[in-house]
1. What's the extension gain from residue 128 to residue 201 if we count 0.36 nm per residue and subtract their Cα-Cα distance?
2. Compute the signed sum of charges (Lys and Arg +1, Asp and Glu -1) over the other residues within less than 10 Å, Cβ to Cβ, of residue 109.
Amino acid sequence: MELDTGAAVSLISPVEAELKRLTELGVISPLGNSEWATPVVPVIKKDGTVRLCGDFKVTLNQALCVDRNPISRIEDIFASLAGGQHFSKLDLSNAYLQMEVEEKCRKLLTISTQKGLFRFNRLPFGVASSPGLFQKAMDQVLLGLPHTHCYLDDIHISGPDEQTPLKELDSVLGRLEEYGLHLKQEKCLFFQESVEYLGHIIAGLHKSPEKVRAIVEAPAPCDVSQLRSFLGMLNYYGRFIPDLATVLKPLNELLNKGKQWQWTVD
């Protein structure tokens, strides 16, 4: 049987290097054979390195009972940040990969690569239950810290004065050390008057220029699937767009089954 490696030729060397690195770290382990084998999906990160994911939607995700642990609503997080004067933002390094998976479940996380089969010993990207499991774990790690908010791998600390966020940061760092969690230092910010968080500038509340530019420069949708993605971007910033429902009405109508697709400059 020929395995689908899922890796483009130009990515073979970076993928092999990442496989070697993750094996040395104990994140993955090589296997001779497995009942499960998910195609590897290499994703190029902003810094040019490769993240190895599995195309679990065609394998494991179809058989999962997904953990529905609630993830905080972004609106609720922003409301709780109101009145903050100093802000710190912490970013967990390779967040999911810091969570160990039970031994009996690891065989389900086998990926097929040009170097053979490997199983994940840590929680990988692409598994449908990963976000809920990770958020549940972080909620427990940071339980009882009122000025700390965590949305997946982003931790935000604020306070109404200078001393509160300082004490809170000390508590957060202590918790992370206790649980053996590591931060990506170059992406952390401390005691800022404003920071970007979840696509918004926190200092009051403003739109992130980078995210707005992505909307303005987005190509016109060519089909219903692309239109849904475009509407998702617009709805995310709905609070800043006057009469949003009126503006989006003709676009939402294009989603109706049987509606003739017609996109104009208007």
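No value in this document is a laboratory result; all are computed from the given coordinates. Here the structure is a predicted model, which means the values were calculated and not measured. Backbone-built Cβ (ideal geometry, glycine too); neighbour counts: all protein chains shown.
1. Full extension of this stretch gives 23.4 nm more.
2. Residues close to residue 109 contribute a combined charge of +4.
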